[in-house]
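Would you mind keeping the following structure in view while I ask a few things?
The values are calculated or read from the model by the stated rules, or taken from the named source; none is laboratory data. The shown structure was predicted, so the numbers you read here are calculated from the model rather than taken from an experiment. Quick reminder, even Gly has a Cβ in these numbers, built from the backbone with ideal geometry, and neighbours come from all protein chains shown.
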Amino acid sequence: MKISFTPRWILLICLLLARLAGTAQDSASIYTAQLLQPSADSVRTHAIGRLAALRIPATFPLLMAINDKKLYLLDQKAVTIDSKPSGEGTYRLYTLYPENTLMKNSSGQPLLFPLSALQAVDIPRGDRLQLAGIASLLNLYSNDAQKRILAYTQLKNTGDSSAQQLLQDALARETNTDASRTGKDVLYAAKLHGATNAANAKAYIDSITDNWSDNAPVLLRSYAKSGFFNQEVATYAAEKAASLEKRYDGLQRIQNFFSGLSLGSILILIALGLSIVYGLAGIINMAHGEFMMIGAYTTYCTQLFFTNVLGIPQTDFFFIAALPISFVVAGALGLLLERLVIRHLYAKPLESLLATWGVSLILIQTARLLFGDLTAVKTPLLLTGGWQVSPHLTLPYNRLFIIALTLVMVLLTYAMLYRSRLGLQIRAVTQNRQMSACLGIETRRIAAVTFFIGSGLAGLAGCAITLVGNVVPDMGQTYIVDSFLVVVTGGVGKLAGTILSGLGIGFFTKVLEAFFQAVYGKVFILVFIMLFMQYKPKGLFPDKGRIAED
Amino acid sequence: MKTKNNPLYYILFIAIFAILLPAGYMSGLISVNTISVWGRYFCFAIAALGIDLIWGYTGILSMCQAFFFCLGSYGIAMHLLLKKTMATGAVLPDFMAWNKIETLPLFWQPFQSFGWTLLLCLLVPALIAFAAGFVLFRSRIKGVYMAIITQALTLAMWLLFLRNETNLGGTNGLTDFKTLLGYDLSSSSVKLGLYMISFTMLCAAYFGCYRITHSKFGKVLQAIRDSESRISYAAYKVVDYKLAIFVVAALLAAVGGMLYLPQTGIITPGRMDVKASVEMVMWVALGGRGNLKGAVIGALLVNFLYSVCTSLFPDSWLFILGFLFVITVLYFDKGFMGLANSIKQRFSTGSFKTSQTPL
């Protein structure tokens with residue numbers, strides 16, 4: 001029999017298909033109704049079994065709600081709740097079959113309900129077990145992006161074309177970029193392996209390349225090795241993989257550069273105070289790192305105060321308050337130290353080095369007795385996460401904040417040193433102590449103020465460091481030698497030198513870490529500094545002219 | 001300041017440590033552990049003499065003496081470990097087998113012979129000191145710069161020694177030795193022997209340093225300390241002098257380390273961290289720098305205090321040490337010896353006068 005595909009035939013087929021689809025939809029709504037108000041337990045069991053077998057995406061959220069025991073009734077309509085509460089014990093609601101949407105009020109805000117307003121629908125375990133077989137598919141429609149990603153990866157190795165179709169449907173409504181990337185990767189990989197000609201395969205290789213998931217280079221490489229069609233396609237895949245890897249390396253380099261920048265800014269923040277104090281008073285303050293530790297603990301105490309005494313759990317406020325508080329507390333303790341110990345040691349750098357080392361031992365032990373060995377400060381909500389420049393390059397907000405803070409502090413210090421009367425006096429005392437005293441500058445007072453500022457800057461650095469690390473009593477020691485290296489390389493008391501060498505040392509540390517291991521990077525830097533000092537024994541920016549020594 | 005040629009102190013010192021202590025042990029009054037502990041202190045004192053030479057007499061604050069000390073210790077430790085490994089029939093020390101290393105690393109090879117070990121223990125620190133000193137002194141790095149750079153050097157080396165890849169035992173260091181040249185290290189007589197050797201070496205080092213400081217060479221060193229530019233205007237090659245004394249100090253530290261190891265039975269990178277290296281300098285500062293007796297007494301005193309305090313009040317040792325640092329620097333610039341001298345002067349002249357020697 002000869003069938004001619006006239007328009008009439010096509011119309012007929014279309015009608016038939018529509019009818020079939022309609023039947024499926026109808027039966028799904030019947031089963032859903034049976035499930036919610038079963039006339040008998042066996043009816044409900046049958047309804048769930050049928051729904052699981054039909055695999056209609058629109059019913060998936062409903063089935064998942066059953067599977068997760070989160071099916072509720074609100075005004076006789078089936079709803080489900082978010083995985084986490086969105087307020088004080090209230091949840092956002094999602095309607096279930098036939099429409100799967102977030103419930104909103106008239107002004108477009110999500111509606112919040114307490115659990116008590118909802119009527120829980122209890123489905124026995126035996127019925128729920130019927131869904132075990134399609135559990136991974138159900139997750140495709142989860143409200144939780146992580147679960148969806150998991151579901152996509154679970155579909156990776158299924159050659160099943162109906163699963164592919166489901167995947168495609170799910171991807172069409174995917175909103176999360178990460179999940180979408182993973183899902184597309186799985187889909188394209190499956191299609192690539194099922195491709196029937198070279199042109200198609202190449203098109204899918206291109207899609208995978210454009211999608212660029214973490215897995216893409218590995219995927220393309222293994223495809224290139226298997227050599228499905230001919231050498232040409234294989235080479236093409238290998239080329240694409242190589243180009244992806246190259247781009248990834250490039251981004252990695254930017255990431256390294258960024259970490260170097262952030263390490264450098266921490267070093268600058270610490271070294272700034274160190275450098276000013278040494279330049280002005282000839283004091284090597286080995287306890288400088290401990291003022292950083294004090295700043296960090298002040299931040300920790302501020303957090304405790306805010307959460308426990310004031311009852312403000314939000315992390316943003318305490319951190320904003322902690323910035324000035326840590327500056328003042330560390331500065332005040334620095335002033336105390338200056339009054340008690342340091343003022344006897346002006347212009348005796350080596351002696352001050354030993355005495356302040358003693359002070360640092362005392363401070364560390366005090367902190368250990370007071371706080372124990374390990375405490376951590378919560379990162380403010382504002383600074384969690386990062387700026388996603390591209391899928392493979394994320395710049396964390398906390399590090400960006402540290403860089404910005406350093407920038408601000410450097411500018412403030414610059415303004416203080418070069419644009420204010422105090423700064424003028426500080427620079428005068430730094431240049432020539434006796435002469436400044438003769439001209440009526442109270443050198444002792446200036447020194448004390450400088451010490452306050454220097455210690456305060458260290459405290460601020462400590463506050464910033466709580467964003468990236470733990471608070472431990474001997475945290476200052478990790479940075480002190482490095483920051484002294486910054487001072488030495490930059491030239492004592494030189495703002496520009498401190499900034500340049502701080503950035504340089506931070507940057508080189510991270511770059512060398514990428515090539516060698518962290519430790520060897522450090523050794524290299526040291527060797528480099530020693531060689532550098534052959535040419536610039538007085539740092540990057542030495543004083544002009546010759547100053548007689550002794 | 002110097003109680004010149006007053007033999008009473010020396011006789012007292014020798015009487016206590018060479019006769020009284022061993023005699024106490026023989027008669028059973030003093031345990032062998034006490035003997036061994038003092039033997040260790042002598043090793044520290046030897047290193048302290050080196051620090052006094054370089055810092056007290058020449059004015060160069062070197063913070064890497066702890067590193068040289070450890071180099072000596074590690075050298076001997078490698079030898080002992082290889083001997084022990086051979087005795088048990090294994091090819092490699094345990095920790096290397098754990099790190100999945102098949103053959104003995106090349107730099108471990110020479111340590112199989114005791115002669116080579118002794119030579120290398122001295123040669124390696126000397127060479128490193130020479131190289132570092134050459135670079136640093138040539139570019140006229142001094143004072144605080146010198147202190148910071150040598151400190152950074154120690155820090156970098158400490159980090160290196162912490163790694164497993166350097167094949168030096170990592171954080172755990174080298175330990176569990178059995179014999180030295182066939183003598184059982186755990187036996188009491190060997191411990192007493194090591195104590196006596198350390199004591200003899202301390203005396204020898206002291207008199208060596210005494211000769212150095214009272215020679216013309218020593219006078220130049222002190223001149224460098226007091227005014228480096230003036231002595232260089234007088235056509236002395238400051239760099240050569242500094243380099244020589246830096247190497248001597250490194251050697252003394254290494255000798256101390258070599259003797260230290262068989263008496264403690266363990267060496268870890270912890271001996272050369274930032275804290276340890278500053279502490280070594282502090283022995284000399286507390287005892288009295290620019291004074292050889294001060295260095296010896298400072299090393300013995302601080303370590304003795306340490307063992308007493310950590311057993312009596314473990315939490316407050318750091319407080320005590322910290323306060324000692326601060327108070328010494330603020331009020332007793334010449335350390336313990338300076339204090340003793342000024343008290344003596346006060347009794348002899350009736351007026352309190354601090355000593356006038358420039359420092």
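On the basis of being in the same structural domain as A:ALA65 (by TED's automatic domain parsing) and at positive phi, does A:GLY108 make the cut? Can you show your working first?
Numbers: in the same structural domain as A:ALA65 (by TED's automatic domain parsing): yes; at positive phi: yes.
Yes.
Confirm whether A:LEU51 is under 30 Å from A:THR153 (Cβ atoms), over 34 Å from the mean Cα position of the chain (by Cα) and surrounded by 18 or more Cβ atoms within 10 Å (Cβ to Cβ). Working first, answer last.
Numbers: under 30 Å from A:THR153 (Cβ atoms): yes; over 34 Å from the mean Cα position of the chain (by Cα): yes; surrounded by 18 or more Cβ atoms within 10 Å (Cβ to Cβ): yes.
It is true that A:LEU51 is under 30 Å from A:THR153 (Cβ atoms), over 34 Å from the mean Cα position of the chain (by Cα) and surrounded by 18 or more Cβ atoms within 10 Å (Cβ to Cβ).
Further question on the same structure: Residues in the stretch B:103-126 that are not β-branched (Val, Ile, Thr) and not in a helix (DSSP H, G or I): how many?
Of all residues in the stretch B:103-126, those not β-branched (Val, Ile, Thr) come to B:104-116, B:118-123, B:125-126.
Going one step further and asking which of them are not in a helix (DSSP H, G or I), we end up with B:104-105, B:113.
Of the residues in the stretch B:103-126, 3 are not β-branched (Val, Ile, Thr) and not in a helix (DSSP H, G or I).
Consider B:GLY143 against the criteria (1) more than 14 Å from chain A (Cβ to nearest Cβ); (2) in contact (Cβ under 8 Å) with a residue 12 or more places away in the chain; (3) closer than 22 Å to B:VAL248 by Cα; (4) touching a Pro at 6+ places or on another chain (Cβ under 8 Å): it satisfies all of them except one. Which criterion is unmet?
Looking at each condition in turn, B:GLY143 falls short on (1).
Given the criteria small (Gly, Ala, Ser) and out of contact with any Leu (no Cβ under 9 Å at 6 or more places or on another chain), does B:ALA15 qualify?
Working: small (Gly, Ala, Ser): yes; out of contact with any Leu (no Cβ under 9 Å at 6 or more places or on another chain): yes.
The answer is yes for B:ALA15.
Something else about it: Within the stretch B:310-319, which residues are surrounded by fewer than 21 Cβ atoms within 10 Å (Cβ to Cβ) and at pLDDT below 85?
Within the stretch B:310-319, the subset surrounded by fewer than 21 Cβ atoms within 10 Å (Cβ to Cβ) is B:310-317, B:319.
B:THR310, B:SER311, B:LEU312, B:PHE313, B:PRO314, B:ASP315, B:SER316, B:TRP317 - these are the residues of the stretch B:310-319 that are surrounded by fewer than 21 Cβ atoms within 10 Å (Cβ to Cβ) and at pLDDT below 85.
Report yes if some residue within the stretch B:80-103 is more than 30 Å from B:LYS216 (Cβ to Cβ) and among the aromatic types (Phe, Trp, Tyr); otherwise report no.
Quick first cut of the stretch B:80-103, residues more than 30 Å from B:LYS216 (Cβ to Cβ) only: B:80-103.
Narrowing the set further to residues that are among the aromatic types (Phe, Trp, Tyr) leaves B:95, B:98.
Yes, some residue in the stretch B:80-103 is more than 30 Å from B:LYS216 (Cβ to Cβ) and among the aromatic types (Phe, Trp, Tyr).
Let me ask something else. Considering B:SER198, B:SER186, which residue is outside any helix (DSSP H, G or I) and either under 25 Å from B:THR268 (Cβ atoms) or of a type in the set (Ser, Thr, Tyr) (or both)? Walk me through how you get there before you give the answer.
Details: B:SER198 fails: outside any helix (DSSP H, G or I).
On inspection, the qualifying residue turns out to be B:SER186.
Go through (1) on the phi < 0 side of the Ramachandran plot; (2) out of contact with any strand residue (DSSP E or B) (no Cβ under 8 Å at 6 or more places or on another chain) for A:GLN255 and report which single condition fails.
Among (1) on the phi < 0 side of the Ramachandran plot; (2) out of contact with any strand residue (DSSP E or B) (no Cβ under 8 Å at 6 or more places or on another chain), the lone unmet condition for A:GLN255 is (2).
May I pose another question? For residues in the stretch B:31-56 being away from chain A (no Cβ under 14 Å), touching a Leu at 6+ places or on another chain (Cβ under 7 Å) and of a type in the set (Phe, Trp, Tyr), which is nearest to B:LEU252 (Cα to Cα)?
Selected residue: B:PHE42.
Within the group B:ARG230, B:ARG271, which residue is of a type in the set (D, E, K, R) and within 30 Å of B:ARG163 (Cα to Cα)? Steps first, please.
Numbers: B:ARG230 fails: within 30 Å of B:ARG163 (Cα to Cα).
Exactly one of B:ARG230, B:ARG271 is of a type in the set (D, E, K, R) and within 30 Å of B:ARG163 (Cα to Cα), namely B:ARG271.
If B:VAL296 passes every condition in (1) crowded, with 19+ Cβ neighbours inside 10 Å; (2) more than 23 Å from A:VAL481 (Cβ to Cβ); (3) at pLDDT below 85 but one, which one does it miss?
Checking B:VAL296 against (1) crowded, with 19+ Cβ neighbours inside 10 Å; (2) more than 23 Å from A:VAL481 (Cβ to Cβ); (3) at pLDDT below 85, the one that fails is (3).
What number of residues within the stretch A:261-276 satisfy the criterion of being over 13 Å from A:VAL488 (Cα atoms) and not small (Gly, Ala, Ser)?
5
Ok, one more. Tell me, yes or no, whether the stretch B:127-145 has at least one residue that is at pLDDT below 85, closer than 18 Å to B:SER277 by Cα, part of a helix (DSSP H, G or I) and hydrophobic (A, V, I, L, M, F, W, C).
yes
Condition check ((1) at pLDDT below 90; (2) buried (at least 19 other Cβ atoms within 10 Å of the Cβ); (3) over 33 Å from the mean Cα position of the chain (by Cα); (4) assigned by TED's automatic domain parsing to the domain that holds A:TYR278) across all residues:
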site	(1), (2), (3), (4)
A:ALA404	no, no, no, no
A:ARG421	no, no, yes, yes
A:VAL429	yes, yes, yes, yes
A:SER436	yes, yes, yes, yes
A:LEU439	no, no, yes, yes
A:GLY456	no, yes, no, yes
A:ILE465	yes, yes, no, yes
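Are any residues in the stretch B:209-225 surrounded by fewer than 16 Cβ atoms within 10 Å (Cβ to Cβ) and either part of a helix (DSSP H, G or I) or touching a residue at least 40 places away in the same chain (Cβ under 8 Å) (or both), and if so, which ones? Even if it seems obvious, please write down each step before you answer.
Just the residues of the stretch B:209-225 that are surrounded by fewer than 16 Cβ atoms within 10 Å (Cβ to Cβ), to begin with: B:210-211, B:214-217, B:219.
Passing the criteria: B:TYR210, B:ARG211, B:LYS216, B:PHE217, B:LYS219.
Would you mind listing the helices (runs of 4 or more DSSP H) fully within the stretch B:1-102 where at least 1 residues are of a type in the set (A, V, I, L, M, F, W, C) and at pLDDT 90 or above? Give the steps one after another, and end with the answer.
Working: elements: B:7-14, B:21-26, B:32-51, B:65-88, B:94-98.
Passing ranges, in order: B:32-51, B:65-88.
If you take the residues in the stretch B:115-134 that are loosely packed, with under 14 Cβ neighbours inside 10 Å and more than 14 Å from chain A (Cβ to nearest Cβ), which one is farthest from A:MET533 (Cα to Cα)?
Of the stretch B:115-134, the ones loosely packed, with under 14 Cβ neighbours inside 10 Å are B:115, B:119, B:127, B:131.
Applying the additional criterion that residues be more than 14 Å from chain A (Cβ to nearest Cβ) yields B:115, B:119, B:127.
Numbers: B:GLY115: 38, B:LEU119: 32, B:LEU127: 21 Å.
Among those residues, the one meeting the criterion is B:GLY115.
Taking into account only those residues within the stretch B:325-336 that are hydrophobic (A, V, I, L, M, F, W, C) and over 20 Å from the mean Cα position of the chain (by Cα), which is modelled with the lowest pLDDT? Lay out the reasoning, then the answer.
Of the stretch B:325-336, the ones hydrophobic (A, V, I, L, M, F, W, C) are B:325-327, B:329-330, B:332, B:336.
Among the residues that remain, those that are also over 20 Å from the mean Cα position of the chain (by Cα) are: B:326-327, B:329-330, B:332.
Working: B:VAL326: 86, B:ILE327: 85, B:VAL329: 82, B:LEU330: 83, B:PHE332: 78.
Ranking the qualifying residues of the stretch B:325-336, first place goes to B:PHE332.
Given the structure, is B:ILE76 of a type in the set (Val, Ile, Thr), more than 14 Å from every other protein chain (Cβ to nearest Cβ) and within 18 Å of B:MET272 (Cβ to Cβ)? Break it down into steps so the answer makes sense when it comes.
Details: of a type in the set (Val, Ile, Thr): yes; more than 14 Å from every other protein chain (Cβ to nearest Cβ): yes; within 18 Å of B:MET272 (Cβ to Cβ): yes.
Yes, satisfied.
Conditions tested, residue by residue: (1) away from chain B (no Cβ under 14 Å); (2) modelled with pLDDT under 85.
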| residue | (1), (2) |
| --- | --- |
| A:ILE294 | yes, no |
| A:LEU310 | yes, yes |
| A:PHE317 | yes, yes |
| A:PHE327 | yes, no |
| A:ALA332 | yes, no |
| A:LEU337 | no, no |
| A:SER360 | no, no |
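Out of B:LEU8, B:LEU20, B:LEU104, which single residue is farther than 22 Å from B:MET157 by Cβ, of a type in the set (A, V, I, L, M) and touching a Pro at 6+ places or on another chain (Cβ under 9 Å)? It would help to see each step written out before you state the result.
Numbers: B:LEU8 fails: touching a Pro at 6+ places or on another chain (Cβ under 9 Å); B:LEU20 fails: touching a Pro at 6+ places or on another chain (Cβ under 9 Å).
When all the criteria are applied, what remains is B:LEU104.
Can you say whether B:TYR183 is surrounded by 19 or more Cβ atoms within 10 Å (Cβ to Cβ) and either touching a residue at least 40 places away in the same chain (Cβ under 8 Å) or closer than 30 Å to B:TYR25 by Cα (or both), as far as the supplied structure shows?
Details: surrounded by 19 or more Cβ atoms within 10 Å (Cβ to Cβ): no; either touching a residue at least 40 places away in the same chain (Cβ under 8 Å) or closer than 30 Å to B:TYR25 by Cα (or both): yes.
Criteria not met by B:TYR183.
Could you grab me the full set of residues in the stretch B:289-333 that are within 21 Å of A:THR356 (Cα to Cα), in contact (Cβ under 8 Å) with a residue 60 or more places away in the chain and within 14 Å of chain A (Cβ to nearest Cβ)?
Those that are within 21 Å of A:THR356 (Cα to Cα), in contact (Cβ under 8 Å) with a residue 60 or more places away in the chain and within 14 Å of chain A (Cβ to nearest Cβ): B:ARG289, B:GLY298.
To keep it simple, each residue is scored yes or no on (1) modelled with pLDDT of 80 or more; (2) under 24 Å from A:ALA428 (Cα atoms); (3) assigned to a helix (DSSP H, G or I); (4) of a type in the set (Ser, Thr, Tyr).
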| position | (1), (2), (3), (4) |
| --- | --- |
| A:PHE484 | yes, yes, yes, no |
| A:THR489 | yes, yes, yes, yes |
| A:GLY493 | no, yes, no, no |
| A:THR498 | yes, yes, yes, yes |
| A:GLY506 | yes, no, yes, no |
| A:ALA514 | no, no, yes, no |
| A:PHE524 | yes, no, yes, no |
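Regarding the stretch B:162-172, can at least one residue be identified that is buried (at least 20 other Cβ atoms within 10 Å of the Cβ), closer than 25 Å to B:GLN263 by Cβ, away from chain A (no Cβ under 14 Å) and modelled with pLDDT under 80?
yes
Suppose we keep only residues that are surrounded by fewer than 18 Cβ atoms within 10 Å (Cβ to Cβ) and in a helix (DSSP H, G or I) within the stretch B:226-243. Which one would you say is nearest to the other protein chains (Cβ to nearest Cβ)?
Initial filter on the stretch B:226-243 (surrounded by fewer than 18 Cβ atoms within 10 Å (Cβ to Cβ)): B:226-227, B:229-230, B:232-237, B:239-240.
Restricting the remaining residues to those that are in a helix (DSSP H, G or I) gives B:226, B:229-230, B:232-233, B:239-240.
Numbers: B:ASP226: 8, B:SER229: 5, B:ARG230: 7, B:SER232: 10, B:TYR233: 10, B:VAL239: 13, B:ASP240: 18 Å.
Checking each candidate, the answer is B:SER229.
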